[in-house]
Amino acid sequence: MAAPEPPTNTHSKREADYERFKNYAALTFLVASPVLIAIPPRKLDHFTVLLTGAFCVSANHITRERTGRSIVDRLETRLTSTPAAFRDLPSDRAEEIQARLRAARDAQIRDGGSVSDGVEKLKARQQQEKGLANRVWMGGEEEGWKERRLREEQKALDEGKGYGDLIKEHIWDVWTWGRKDESEEED
């Protein structure tokens, strides 16, 4: 008759089997969860939340197994530790520069009202920045573009076109950067 195996060997074998099961399960959920979330019907419900949670736990487990530190550990160290650049703010160098700037500004004020020159420069720079922002936002449209657009819309509606046709035309203008369609040029 064979002697029974010692209990520690069985216990260690079960632990190894359990670890292997956890790794395979984590890999399975890491791949299967996004696939199951992506297949129709795509909706945000309890099933999607559970799959997202399974994906996160699996990614955390695999990261811990491969690197020794989990994603959660890495986030905790980032959130709790303050970067060296922000520990001693303002730094001595920054305070020195601020003192120099204050002294220069005070000297300008004492020298005779050159503050108005600074204010004028600031206003001019703000106008220039506002002009640039306005040009970017408006895309080169001139004044009265709303009225012109409404007239074009009313004219198209009077010709029997619908809003769908107008939307398609606007999308085509954006897509072709304002160039006319070859069929329209022939007409």
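Couple of notes before you dig in:
- Region 51-68, subset over 13 Å from Leu27 (Cα atoms) and loosely packed, with under 12 Cβ neighbours inside 10 Å, residue nearest to the chain's Cα centre (by Cα): Thr67
- Subset of region 103-148 [modelled with pLDDT under 75, within 30 Å of Trp177 (Cβ to Cβ) and in a helix (DSSP H, G or I)]: Gln127, Gln128, Glu129, Lys130, Gly131, Leu132, Ala133, Asn134, Arg135, Val136, Trp137, Met138
The values are calculated or read from the model by the stated rules, or taken from the named source; none is laboratory data. Just so it is clear, the structure is predicted and the values come from calculations on it, not from any experiment. As a convention, Cβ positions derive from the backbone with ideal geometry for all residues, glycine included, and neighbour counts pool all protein chains shown.
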